[in-house]
1. In the range 1-36, what residues are touching a residue at least 24 places away in the same chain (Cβ under 8 Å), of a type in the set (A, V, I, L, M, F, W, C) and surrounded by 15 or more Cβ atoms within 10 Å (Cβ to Cβ)?
2. Every residue in the range 59-71 that is of a type in the set (A, V, I, L, M, F, W, C) and either surrounded by fewer than 17 Cβ atoms within 10 Å (Cβ to Cβ) or in contact with a Phe, Trp or Tyr (Cβ under 6 Å, 6 or more places away or on another chain) (or both), please.
3. Within the range 97-117, track down each residue that is crowded, with 16+ Cβ neighbours inside 10 Å and in contact (Cβ under 8 Å) with a residue 40 or more places away in the chain.
4. Can you list the helices (runs of 4 or more DSSP H) found entirely within the range 7-73 that contain at least 2 residues being under 17 Å from the mean Cα position of the chain (by Cα) and of a type outside the set (Gly, Ala, Ser)?
5. Give the number of residues within the range 74-96 that are under 20 Å from Val2 (Cβ atoms) and either over 12 Å from the mean Cα position of the chain (by Cα) or in a helix (DSSP H, G or I) (or both).
6. Suppose we filter the range 70-103 for residues that are of a type in the set (D, E, K, R) and at pLDDT 95 or above; how many remain?
7. Only one residue in Asp41, Asp53 is surrounded by fewer than 16 Cβ atoms within 10 Å (Cβ to Cβ), in contact (Cβ under 8 Å) with a residue 12 or more places away in the chain and closer than 30 Å to Met171 by Cβ. Which one?
8. In the range 97-181, which helices (runs of 4 or more DSSP H) lie fully inside it and hold 3 or more residues that are of a type in the set (Ser, Thr, Tyr)?
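The values are calculated or read from the model by the stated rules, or taken from the named source; none is laboratory data. Source: prediction; values computed, not measured. Positions of Cβ are backbone-derived with ideal geometry, glycine not excepted, and every protein chain shown enters the neighbour counts.
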Amino acid sequence: MVAAAAHLYARRGFRGASVSDLAQHCKTSKSLIYHYFPSKDDILHEVMEAHLDALVDAADDAMQEGSARERLHALTVSFMRLYAGAQDSHKVLLNELDNLPSPRRAEVVAKQRRIISVVETLVLEIRPDANPITLPLTMLFFGMINWTHTWFRPEGSVGPDALAELAVDLMLNGLDRLQAS
C-alpha cells in the first residue's frame, strides 16, 4: 500500500490524489486503508519515513569501515541503488514535504539532516582544510545525486552502480582539486 501511495503521489501530487484513488489503485476499500492509516497525512508520512529509513540504514552501513573516500564511495553506491528502486518515494520526499503537519515534517527533516551530517563528516575527513565550505560541498553532492529521479532510467545504458561511480568520481576528483579558501 505504501508503494502504491508513493506511485500515486509521485504522479498526481499529494493533494491531487485522494484516499479513494489509493483504494481503487490498491483494489481495496477506503475503510481498510483507514484501518492501517488514521489519516491521509499518515500515509504520506509513511512513504517518506520508509524511504528515509532505508537511506539512514545505508548511510550507517557505509560508515562502518574503510577510509573516508571508501565510505563516501559505499554510501553513493548504496544511495543510487536505493534511488533507482524507489524513484516514486524519492520524488514524493523531495516534492511533498510541505504537505506534512509540522511535527511530522520535523521528524522527516531530522532524518534528512542526519544523512547530510554523515556526508559532511566524510567531506571534512577527506578535505579538513575545506571546513568553511563543507556544507556547500555536501549540498552540491546531494544536488548531483538527489535529482536523478527526474531523468535516470535503470533500464538505460548506464545502471545505478555505474552512475554512482560517475558521481563519486566527480566528487572525489573535485575535492582533490579543490582550492580551499
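1. Scanning the range 1-36 gives Met1, Val2, Ala5, Ala6, Ala10, Phe14, Val19, Cys26, Ile33.
2. Within the range 59-71, just Met63 meets the criteria.
3. Once the filter is applied, which keeps residues that are crowded, with 16+ Cβ neighbours inside 10 Å and in contact (Cβ under 8 Å) with a residue 40 or more places away in the chain, the range 97-117 yields Leu97, Asn99, Leu100, Arg104, Val108, Lys111, Gln112, Ile115.
4. 40-62
5. 16
6. Counting residues in the range 70-103 that are of a type in the set (D, E, K, R) and at pLDDT 95 or above gives 4.
7. After applying the criteria, what remains is Asp53.
8. Because the criterion is at least 3 residues that are of a type in the set (Ser, Thr, Tyr), the helices (runs of 4 or more DSSP H) in the range 97-181 that meet it are 102-126.
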